[in-house]
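This report refers to the structure that appears directly beneath it.
The values are calculated or read from the model by the stated rules, or taken from the named source; none is laboratory data. Computed from a predicted model, the values in this text were never measured in an experiment. Because the Cβ atoms are built from the backbone with ideal geometry, glycine has one as well, and the counts that use them run over all protein chains shown. Please note that ligands, DNA and RNA were not included when accessible areas were found on the heavy atoms of the full protein model with its side chains. Shrake-Rupley method; radii C 1.70, N 1.55, O 1.52, S 1.80 Å.
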Amino acid sequence: MKIAGNVGLRDLPRICPLISRKVQNSADTTETRVVQVGPVRFGDTRPVVIAGPCAVESREQTLAVARAVKAAGAEMLRGGAFKPRTSPHDFQGLGVEGLKILREASRETGLPVVTEVMDPRLVETVGEYADMLQIGSRNMQNYPLLVEAGRSGKPVLLKRGMAASLCEWLGAAEYVAKEGNLEIVLCERGIKAFPAGEYSRNVLDLNVIPAVKEETFLPVIVDPSHATGVASMIEGASCAAIQYGSHGLIIEVACDDEGSVKPKCDAAQAINPATLARIVRFVTSHTESKAMRKAHAF
Ligand code: PEP
Ligand code: MN
């Protein structure tokens, strides 16, 4: 029986020829495309750790978290200035003011910034302040937004929709690629599947990492924060993702020293800088032992 709109992996070369490893096979098919954001290289031998607050809530909070994640060894700063919230009554982000704060934090720490853009009309503005545009889970299939992000020429962090198949996710990446922009990093952030919500926010689909690598040459990273929604699960999920071949992590962090204010957004999944430092050490030792195994071929 044929079902309209039903696509599977076999359709990928047709859906997304520009990013398909099977179509674009002139390059060494074992290679991942390196996506560069300033000095940061996604898809290279060392996984990239992005960290920062869920939302930019104030200048003090953002600068404190930026300094802390830099000291913990993160290579890039995250933070939402435009927040997609379930309730329109909840904190929506500081908007352009938040972008300015992120820029300041980036200048001071030297960390490039990734931040979410939700509206195609704001791609240019967000691009003036950010080094990389984040397209969030809720907007993965916002096609006008994908087209604008593609036209911006900026590197794009494309999060997987919370109920998106691999075909839908890579189809969304193809919209960016079709505008001539191959600077795309994919991000698995947990999917809605049973028993999501019972003991974790979402279900972290680590199995998708090797599947992504088989279908496309684009790098893929993991967001353990939104995938679990539970601070105590982040370290384990991060290490598992790295061992499963993720090209990086994007993690929400909050400062926990005296006087720090509890985050307005996603407080339950924020880890402290000390936990982030342990994750970075794991990434470093994993990268070194992998390089050693390669050098000695064991
Ligand atoms: C975020 O990273 O700030 C975010 C809102 O994540 P997601 O789009 O994956 O829910
Ligand atoms: Mn968040």
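What residues from segment 143-159 fall in the zone where the backbone N is under 18 Å from a label point 7 Å along the Cα-to-C-beta line of residue 34? Taking a point 7 Å out along Cα→Cβ of residue 34, the residues of segment 143-159 whose backbone N falls under 18 Å are 155-156. Beta bridges assigned by DSSP with both partners in segment 154-298 are antiparallel in approximately 10 percent of cases.
Taking packing as the residue-averaged number of other Cβ atoms within 10 angstrom, the listed peptides 279-292, 221-234 run from highest to lowest as 221-234, 279-292. Residue by residue, segment 217-227 carries 3J(HN,Hα) couplings of 8, 6, x, 9, 10, 10, 9, x, 5, 6, 5 Hz when phi is fed to the Karplus relation 6.51 cos²θ - 1.76 cosθ + 1.60 (θ = phi - 60°); x denotes Gly or Pro.
At 222 nm, what value in deg cm²/dmol follows for the chain if DSSP H runs of at least 4 each add -39500 (n - 2.57) and the sum is divided by all its residues, to the nearest 500? Rounded to the nearest 500, it is -11500 deg cm²/dmol. Mean-square fluctuations from a GNM of the chain, with a 10 angstrom spring cutoff on Cα atoms, peak among 38, 98, 259 at 259. Scaled against the 2.2 N^0.38 Å expected of a compact globular protein of N residues, the Cα radius of gyration of the chain reads 0.96. For segment 1-160, the solvent-accessible area of protein heavy atoms averages 47 Å² per residue (probe radius 1.4 Å; ligands and nucleic acids excluded). Taking amide H as placed 1.01 Å from N in the peptide plane, the amide H of residue 80 sits under 5 Å from that of 55, 56, each at least 5 places away or on another chain. Within the accessible area of segment 1-67, the carbon and sulfur atoms contribute 52%, probe 1.4 Å, all protein chains present. Once you've got the Cα coordinates, tell me which of 70/213; 178/213; 159/290; 83/159 are over 22 Å apart. Long pairs (Cα-Cα over 22 Å): 70/213; 159/290. Counted residue by residue at 0.36 nm each, then reduced by the alpha carbon distance between them, the extension gain from residue 214 to residue 262 reaches 13.2 nm. Look at the alpha carbon pairs under 8 Å that are at least 6 residues apart: their mean separation over the length of segment 7-97 gives a relative contact order of 20 percent. Extension gain, residue 278-residue 297: 0.36 nm per intervening residue step, less the Cα-Cα distance, totals 4.1 nm.
Among the cysteines of the chain, 16, 167, 187, 239, 255 have no other cysteine beta carbon within less than 4.7 Å of their own. Once the Cα-Cα distance is subtracted from the 0.36 nm per residue extended length, the residue 67 to residue 89 segment shows a gain of 4.9 nm. Among beta bridges from DSSP that stay inside the chain, the antiparallel ones total about 15%.
Surface composition of segment 156-298: carbon and sulfur make up 56 percent of the accessible area, probe 1.4 Å.
Under a 5 Å amide H cut-off, with hydrogens placed 1.01 Å from N, residue 218 pairs with 33 among residues at least 5 apart or on other chains.
Can you give the FRET efficiency to the nearest 0.05 for residue 196 and residue 124, using r as the Cβ-Cβ distance and R₀ = 22 Å? The computed FRET efficiency comes out at 0.05. For the pair residue 22 and residue 141, label points projected 7 Å from Cα toward Cβ lie 2.2 nm apart.
Normalising the average separation of contacting C-alpha pairs (under 8 angstrom, six or more residues apart) by the number of residues puts the relative contact order of segment 119-182 at 36 percent. Note on residue 108/residue 3: beta-carbon distance plugged into 1/(1 + (r/R0)^6) with R0 of 51 Å gives a FRET efficiency of 0.40.
When only Cα pairs below 8 angstrom with a gap of at least 6 residues are kept, the chain shows a relative contact order of 20 percent.
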